[in-house]
Amino acid sequence: MRFKLYLEIVSLISEACASTGIIYATNFHAMKPLIDFGSDEQKRRFLPAIASGGLASLAITEPSAGSDATGMSTRFTPDGDEIEINGAKSFITSGDVADRILLFGKWSEIEDGKEAISVLVLEKNAKGFEVIGREKKLGHNASSTCAIGFDSVRVPRANLLGQPGDGLSILLASLNSSRPSIAAHARGIARAALKDMVDYGNERAQSGKRILEFQGNQFTLADLAGELAMVERFIDYVADLIDDGATDFGLEASLAKLRASDLAMKMSIECVQFHGGYGYCKEYRAERLMRDAKITQIWEGTNQVHRQLIGRSFLQK
């Protein structure tokens, strides 16, 4: 599948239901490194369950390692033909229902923290695996988000992707492609908000006029439609870079994620306002769009982190 098509699918699903969109996207990003870096034997073992309808999860974040994922402390200790896993992860999408978890941790025999990062595939129902808790969230309530723990979990060494210490390069490749995915997710929410504003503005009347006949509301929609058009095109540009084989697109990915998520939040807030009192009620989906939009500014690196990454790129060496 071309990446541009994948991003459009994420947007279309998220426009209808952001929770379903992130479940779909998480499946993709949890298994894409296995497809790209796994052996043929690993693909034969792990992918059929996903192809037949199973769920996958990507486990990076920890209580003390959020936007700086390299601060993780989950530990992989080799023991003959097995690896023992100890540690915990937080804010893991589908962590309680996943059939396969792409799990990042640090190899115990490598001292340097970044060089120790490694990655393996954890299968469902492994002994010592625990769902510690499920988050009660502002939005995306049809998608589970969990804290998970590993107490001397043992997996075959054959579950390790690549070699010990290969995890950082795999992690960065995963994040660079998942950030445009969050941009596409936010784009879907923004599309939904704009459509709802147009529909409601043409139906709802006040003072004998449809509310979209008021010039102030027309100006609001004109500005938002223009911003969405620019975001649409830039996401497509980033997708074309990736489809054309670019390997250095981290800044473009950060910019796409930053602008799309900020617009989704702005658009959804305006959507609630456009609906007046009804926008604050569950009768319309405006309030859900606003709740769902907020997380896009936070996950896969907060927008403050992305602004720092983009701004730092202008420093002359």
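Miscellaneous remarks
- Some residue of segment 256-279 being assigned by TED's automatic domain parsing to the domain that holds SER181, not in a helix (DSSP H, G or I) and not β-branched (Val, Ile, Thr): yes
- For segment 156-203, taking the residues that are of a type in the set (D, E, K, R) and crowded, with 24+ Cβ neighbours inside 10 Å, the one that is modelled with the lowest pLDDT is identified as ARG179.
Listed here are the residues, each with its yes/no results for (1) assigned by TED's automatic domain parsing to the domain that holds LYS294; (2) among the small types (Gly, Ala, Ser); (3) in contact (Cβ under 8 Å) with a residue 60 or more places away in the chain.
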position: ALA190; (1), (2), (3): yes, yes, yes
position: ALA193; (1), (2), (3): yes, yes, yes
position: ASP199; (1), (2), (3): yes, no, no
position: LYS209; (1), (2), (3): yes, no, no
position: PHE214; (1), (2), (3): yes, no, no
position: ASN217; (1), (2), (3): yes, no, no
position: LEU221; (1), (2), (3): yes, no, no
position: GLY226; (1), (2), (3): yes, yes, no
position: ARG233; (1), (2), (3): yes, no, no
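- Pairing each residue of segment 116-131 that is assigned by TED's automatic domain parsing to the domain that holds ILE92 and farther than 17 Å from ASP96 by Cβ with any residue that is among the acidic types (Asp, Glu) and modelled with pLDDT of 95 or more, provided the two are 6+ apart or on different chains, yields C-beta distances under 8 Å for SER118/ASP166; VAL119/ASP166.
- Residues of segment 26-78 that are assigned to a helix (DSSP H, G or I), of a type outside the set (A, V, I, L, M) and either in contact with a Lys or Arg (Cβ under 8 Å, 6 or more places away or on another chain) or closer than 25 Å to GLN304 by Cβ (or both): THR26, HIS29, PHE46, THR70, GLY71.
- Restricting GLU227, GLU213 to residues that are of a type in the set (Asp, Glu), surrounded by 14 or more Cβ atoms within 10 Å (Cβ to Cβ) and under 32 Å from the mean Cα position of the chain (by Cα) narrows the list to GLU227.
- Qualifying residue in segment 292-306 (condition: touching a His at 6+ places or on another chain (Cβ under 8 Å) and either of a type outside the set (S, T, N, Q) or not assigned by TED's automatic domain parsing to the domain that holds ALA183 (or both)): yes
- Every test in (1) surrounded by 18 or more Cβ atoms within 10 Å (Cβ to Cβ); (2) out of contact with any His (no Cβ under 7 Å at 6 or more places or on another chain) is passed by LEU58 save one, and that test is (2).
- Neighbours by Cβ (under 6 Å, 6+ apart or cross-chain): first from segment 236-255, assigned by TED's automatic domain parsing to the domain that holds ILE182; second surrounded by fewer than 13 Cβ atoms within 10 Å (Cβ to Cβ): ASP243/ARG2; LEU251/SER313
- For segment 138-183, a tally of residues being aliphatic (A, V, I, L, M), more than 21 Å from the chain's Cα centre (by Cα) and not in a helix (DSSP H, G or I) returns 4.
- Matching residues in segment 61-113 - criterion: being out of contact with any strand residue (DSSP E or B) (no Cβ under 9 Å at 6 or more places or on another chain) and of a type in the set (D, E, K, R): ASP68, GLU111, ASP112
- Selected residue [surrounded by fewer than 22 Cβ atoms within 10 Å (Cβ to Cβ), part of a helix (DSSP H, G or I) and among the hydrophobic types (A, V, I, L, M, F, W, C)] from LEU315, LEU309: LEU309
- Some residue of segment 89-97 being free of Cβ contacts under 8 Å to residues at least 60 places away in the same chain and part of a helix (DSSP H, G or I): no
The values are calculated or read from the model by the stated rules, or taken from the named source; none is laboratory data. Only a predicted model underlies this, so the values are computations on that prediction, with no experimental measurement involved. Cβ coordinates were reconstructed from backbone atoms using ideal geometry, including for glycine residues, and neighbour counts include every protein chain displayed.
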